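The values are calculated or read from the model by the stated rules, or taken from the named source; none is laboratory data. All of these numbers come straight from a predicted model, not from anything done at the bench. Note that each Cβ is placed from the backbone with ideal geometry, even for glycine, and that neighbours are counted across all protein chains shown.
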Amino acid sequence: MSTIVDFLGGDHRACDDLFASAEDAVAQNNWDSARSLFERFQAAMAHHLAMEEKVLFPAFEARTGNSMGPTQVMRMEHEQIRGLLQEMANAVADANHGRYLGLSETLNMLMQQHNLKEENMLYPMSDQVLGGERDDLIRAMEAVSP
């Protein structure tokens with residue numbers, strides 16, 4: 001199987017692609033497409049956050065004995081992401097072009113910073129400390145429902 005960096009980093013890219021597609025549809029005022037793409041993006045994000053919070057973070061914390069470090073910061077950022085996603089869902093439901101794009105810009109900056117921290121720090125640390133369990137953890141993450 002792949003590494004945690006590759007598996008979750010690839011999932012970041014998939015979420016980013018859906019995010020960009022939804023944003024393009026909003027920019028073009030194609031609201032039917034925007035709603036559909038945003039729903040797919042929101043579902044993909046919910047799955048990604050659940051994989052980390054239900055499988056990766058608990059395994060990392062159990063192995064390192066540290067629940068107040070990087071995983072705590074990531075959980076706080078996940079809550080910020082969820083809040084923005086909810087506001088964006090409201091904006092897309094209301095076909096509010098300006099509101100959606102403003103929130104989208106904020107979410108994009110937050111996700112870029114968040115993903116860099118995960119891909120350059122947390123995921124490599126997880127690969128290092130959870131190496132022997134990596135394949136089982138990836139299978140468990142794939143099986144997670146949001």
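A few comments on the model shown:
- The combined condition, being farther than 20 Å from Arg139 by Cβ, in contact (Cβ under 8 Å) with a residue 40 or more places away in the chain, within 11 Å of the chain's Cα centre (by Cα) and surrounded by fewer than 17 Cβ atoms within 10 Å (Cβ to Cβ), is fulfilled by Ala43.
- Residue match in region 26-41 (condition: basic (Lys, Arg) and under 21 Å from Leu103 (Cβ atoms)): yes
- Restricting attention to region 83-104 and to residues that are surrounded by 14 or more Cβ atoms within 10 Å (Cβ to Cβ) and of a type in the set (D, E, K, R), the residue that is nearest to the chain's Cα centre (by Cα) turns out to be Glu87.
- Taking every residue in region 7-24 that is farther than 16 Å from Leu37 by Cα and pairing it with any residue that is modelled with pLDDT of 95 or more and aliphatic (A, V, I, L, M), at least 6 positions away or on another chain, the pairs with Cβ-Cβ distances below 7 Å are Phe7/Ile138.
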